[in-house]
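Q: Sharing a structure with you now.
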Amino acid sequence: LKLIGGYDAGRFLPYAFVGMSSYEINDLDLSDSVPIYGIGARFAISPRLVAGLEYLVQKKDDFDGDAGLDMDDSDLSLRLDYRF
């Protein structure tokens, strides 16, 4: 689940987001919901082609409560979308 807010600057769209994600580690029988947040930008190359870059952080502090695991994670994503 992600709540996204951005600014329409013509062909360029910078944005930020917050949300929640659910994780399960089946081998260890652990699960938890963790907060996520980040920033991104999209650029319209043409009316049908859009490029994007996004940085996402997942905070997994005290994962599953009693497990005592701190597993923070970050992702950098590059995307290319084609609109039909």
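Q: How large is ³J(HN,Hα) for each residue in the range 9-16, as worked out from phi by the Karplus curve 6.51 cos²θ - 1.76 cosθ + 1.60 (θ = phi - 60°), to whole Hz, x for Gly and Pro?
A: Once θ is set to phi - 60°, the couplings for the range 9-16 become 10, x, 7, 10, 10, x, 8, 10 Hz.
Q: How much area per residue is accessible in the chain when the probe is 1.4 Å and only protein heavy atoms are counted (Å²)?
A: Working: 6070 Å² over 84 residues.
On a per-residue basis, the chain sits at 72 Å².
Q: Comparing PRO14, PRO35, PRO47, which has the greatest mean-square fluctuation in the GNM of the chain with Cα pairs linked when under 10 Å apart?
A: PRO47
Q: Say we join alpha carbon atoms closer than 10 Å with springs in a Gaussian network model of the chain; which of VAL34, VAL18, VAL50 then has the biggest fluctuation?
A: Highest fluctuation of the listed residues: VAL50.
Q: Answer with a single label: of (i) 13.7, 42; (ii) 16.3, 50; (iii) 12.6, 40, which was calculated as Rg and Dmax of the Cα atoms in Å from the structure in view?
A: Looking at Rg and Dmax of the Cα atoms in Å for this model, the match is (ii).
Q: Which whole-Hz ³J(HN,Hα) couplings does the range 50-58 yield from phi under the Karplus relation 6.51 cos²θ - 1.76 cosθ + 1.60, θ = phi - 60°, glycine and proline marked x?
A: The phi angles translate into 10, 9, x, 9, 9, 10, 10, 10, 10 Hz.
The values are calculated or read from the model by the stated rules, or taken from the named source; none is laboratory data. These numbers come from a predicted model, not from an experiment. To get the accessible areas, we keep the full protein, side chains included, count just its heavy atoms, and leave off ligands, DNA and RNA. Shrake-Rupley method; radii C 1.70, N 1.55, O 1.52, S 1.80 Å.
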